[in-house]
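These notes concern the structure reproduced below.
The values are calculated or read from the model by the stated rules, or taken from the named source; none is laboratory data. Just so you know, these numbers come straight off a predicted model, no measurement behind them. Backbone-built Cβ (ideal geometry, glycine too); neighbour counts: all protein chains shown.
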Amino acid sequence: MSSLSPGNMSATGSGRVKVSLAPGRSLMDWIRLTRDNPNLSGVGGKILEVTPDELGKHNKREDAWICLKGRVYNVTPYMEFHPGGEDELMRGIGKDATELFNQVHKWVNFESMLEKCLVGKLVAPVITIRKSSFAVPKIQFFKKLPYMEFHPGGEDELMRGIGKDASELFNQVHKWVNFESMLEKCLVGKLVSPVITIRKSSFAVPKIQFFKKLHRSDTTASEDVPDFSVDLPGRPFMGYEWSQDDSTITITVQCGSDYALEEDRVVADLVGQRLRIRIGVEKYFYFIHAELQDTVYNDYHVHVNCKLKSLEVRLVKEKSGISWSSLGTFLPGHNQTVPSKTADVSSRPCVLTDKCSVTHDVFIFTFTLPQGSFMWIPIGHRRLVKEKSGISWSSLGTFLPGHNQTVPSKTADVSSRPCVLTDKCSVTHDVFIFTFTLPQGSFMWIPIGHHVSLECNVKGMKICRSYTPVIPQLGRDPATNDGKTIHLMIKIYSDGVFTPVLNNLSVGDFVEIKDTEGDFDGSVLSLVLLAAGTGFTPMVRLLYWALFVSNDVNVKLMAFNKTVKDIIWKEELDALADTNDRLSIVNVLSEADDSWEGPRGRIRVDLLEGLRGRIRVDLLEGFVPDAYPKDSLLVCVCGPLPFTKTAVKCLEDMQYSRDSIHAFLG
């Protein structure tokens, strides 16, 4: 059967807990404050060099500095505006809080929000260390003899670096090779040299990697034959190769570990000559990131072979017949594997192609990705066609940072692309489906339970919000998944900060959409979905998966709304339940009129069992099925924070483990 697994993540991408802010302390109030005050840093607009010692002195609520990604901000004026509360913000005060920030809400554009609070850059004091002739202090020295006859470039090539520091020579030829692993058994010791004085870096120093020498054949193969990145414990072993003929460039990525390569965890963006591919494997992201050596057409092909655990990208040269000498220039992050939860989020401008009403205040927004962008790789073959037919490429292009690297998905860089709004349709009186199309050259498919972040300019400040994509309609064949279109069901709040901006978009307008995020996978036999309002949105694809993909998962949906007109897709859901005996639906209204014969009230345990009264554990027991072992049951909860917390607490009181509960937190 198809599978899902329990987990706990944020449908908004944050995973944070929000607190009630005082009047006049909303995000919009902060935007107004920064607009009316050109400088809130407290240092008169100067850009200072701040040492860790100086940063540590500003560690009080009334004098609070924080470092994020090398920049120091005075967040004292922001303290009362922080959605997570002052105590949460104080956890990072007086120190470098980059890692903490990435764990909680890395998708937030803090550079824009805290622009007026910038104090300066974080530097470090001068210290004395032992000089090494290598670029990094932590360098190991390897014995040469046992490997001599195995060197792919031949003994003469290897002899060029014998008896000296060959780091620069190595980096010129094959710096991406994992020499630490290949020469581990040949280790002699460390190279040391006289003591000198340098400035210590406050940032992590990258490891030097060793890659084998590559040969270019006289036929169609490039000099880049399979190159594998670092094989670290717990990380998938990934690598890539590229080849060419007169008209095409083919990049093949291979997953060399026991992990599965899934067709719906690939994001590809081609903007000009810049190619960025992100591949999700378990809880890591592997990146190909390069400035290609020459131009290619935006219409290219992407194909995942799950059985062989390989990904193939075929680009078409604009200059046919011209041979590339290399793939191109590597960009940051190239050939790296990073944790998905700490990876930077990328976006692309997607066009709103449709907006349709679901209820009076819920809509499905359909976005189309820009040309050259894909999110999600379908089964099939996608080719890249050269613009210059007949010209042979000498290389794939210039490798960009992150190219051919496998990194944990939590720490991977996140990319974005401009997507055009191609449709907007009404679902209810205030809910719409926005349809965005990725730009030419981009593909992206969104796995079940994952979300994307949209970035808009709100009164001069870049604001991000995350939404879980939906299918445009319920049914056995709702739409073709081509990796080019994203449908988002969004409720418009007239007094909100972000959704009014979306509501004012016209078809043809662009929005930056970032990479997918999430960790929802595993196996279950039964699903219980508890949704309040637009908390229904992450449940849409779960419903489709359970009813039309898995074919053996039973689903119970309890939807909480104010009135009948607030119920999203009521008629469609009723029709689906009538024709599918594996689906049962209960609607609960908190402000129903006298004609409503169904259950009333807000979420209460008794509603989850007997469907009336306040939520109590004894009532939940009647709704959550006992027919299945609790390790094969998954209860998904999404809605306002009080709703979610109450539901999770009741389920825990019923002895359901956290592994059986997946809370989409807002």
query: Would it be correct to say that Val313 is assigned to a strand (DSSP E or B), at pLDDT 90 or above, β-branched (Val, Ile, Thr) and in contact with a Ser or Thr (Cβ under 8 Å, 6 or more places away or on another chain)?
result: yes
Note on region 400-413: residues crowded, with 24+ Cβ neighbours inside 10 Å and modelled with pLDDT of 80 or more are Leu400, Gly402, His403, Asn404, Gln405, Thr406
Among strands (runs of 3 or more DSSP E) entirely within region 174-286, at least 1 residues that are modelled with pLDDT of 75 or more, within 31 Å of the chain's Cα centre (by Cα) and of a type outside the set (Gly, Ala, Ser) occur in 238-244, 248-255, 266-271, 274-281
Residue match in region 601-623 (condition: at pLDDT 65 or above, buried (at least 17 other Cβ atoms within 10 Å of the Cβ) and of a type in the set (A, V, I, L, M)): no
Residue set Pro478, Pro447; condition under 28 Å from Leu275 (Cβ atoms) and at pLDDT below 90; output residue Pro447
Could you check, for region 114-124, whether at least one of its residues is within 32 Å of the chain's Cα centre (by Cα), exposed (fewer than 15 other Cβ atoms within 10 Å of the Cβ) and at pLDDT 85 or above?
yes
Scanning region 330-341 for residues that are touching a strand residue (DSSP E or B) at 6+ places or on another chain (Cβ under 7 Å) and surrounded by fewer than 24 Cβ atoms within 10 Å (Cβ to Cβ) gives Leu331, Pro332, Pro339
Residues in region 423-442 that are under 25 Å from Val296 (Cβ atoms) and surrounded by 24 or more Cβ atoms within 10 Å (Cβ to Cβ) total 6
Within region 305-329, residues being surrounded by 24 or more Cβ atoms within 10 Å (Cβ to Cβ) and either among the acidic types (Asp, Glu) or within 16 Å of Ala268 (Cα to Cα) (or both) number 3
| task | Take Ser453 and decide whether it is farther than 30 Å from Leu327 by Cα and surrounded by fewer than 24 Cβ atoms within 10 Å (Cβ to Cβ). | result | no
Glu572 vs (1) farther than 13 Å from Ile585 by Cβ; (2) of a type in the set (D, E, K, R); (3) out of contact with any Ser or Thr (no Cβ under 8 Å at 6 or more places or on another chain): all pass except (1)
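Go through region 316-359 and count every residue that is over 27 Å from the mean Cα position of the chain (by Cα) and either part of a strand (DSSP E or B) or under 16 Å from Leu275 (Cα atoms) (or both). Walk me through how you get there before you give the answer.
Step one: list which residues in region 316-359 are over 27 Å from the mean Cα position of the chain (by Cα), which gives 316-326, 357-359.
Within this subset, residues satisfying the condition of being either part of a strand (DSSP E or B) or under 16 Å from Leu275 (Cα atoms) (or both) are 316-318, 321, 324, 326, 357-359.
Residues flagged as over 27 Å from the mean Cα position of the chain (by Cα) and either part of a strand (DSSP E or B) or under 16 Å from Leu275 (Cα atoms) (or both) within region 316-359 amount to 9.
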At pLDDT below 80 and either assigned by TED's automatic domain parsing to the domain that holds Ile486 or within 26 Å of the chain's Cα centre (by Cα) (or both): is that true of His381 in this structure?
yes
ask   = Is it true that Leu21 is over 26 Å from the mean Cα position of the chain (by Cα), modelled with pLDDT under 90 and of a type in the set (A, V, I, L, M, F, W, C)?
value = yes
